[in-house]
1. Which members of the stretch 24-33 meet the condition of being over 16 Å from residue 13 (Cβ atoms) and surrounded by 13 or more Cβ atoms within 10 Å (Cβ to Cβ)?
2. How many residues are in a helix (DSSP H, G or I), modelled with pLDDT under 85 and out of contact with any helix residue (DSSP H, G or I) (no Cβ under 8 Å at 6 or more places or on another chain) if we restrict to the stretch 11-37?
């Protein structure tokens with residue numbers, strides 16, 4: 001399972017995804033959202049933090 005976090009900087013997010021990260025979350029992600037994200041990534045799906053997709 002690959003996942004990365006950062007402060008929402010596009011170049012880091014896109015670089016991490018190109019390098020094979022399974023998801024992108026912001027540092028202020030709440031614990032419940034983090035657990036949900038882990039479950040999504042564990043099923044093989046990709047995940048982007050909603051603010052990261054705007």
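1. 33
2. Number of matching residues: 6.
The values are calculated or read from the model by the stated rules, or taken from the named source; none is laboratory data. What you see is a predicted model, and the numbers here were worked out from it, not measured in a lab. Cβ coordinates were reconstructed from backbone atoms using ideal geometry, including for glycine residues, and neighbour counts include every protein chain displayed.
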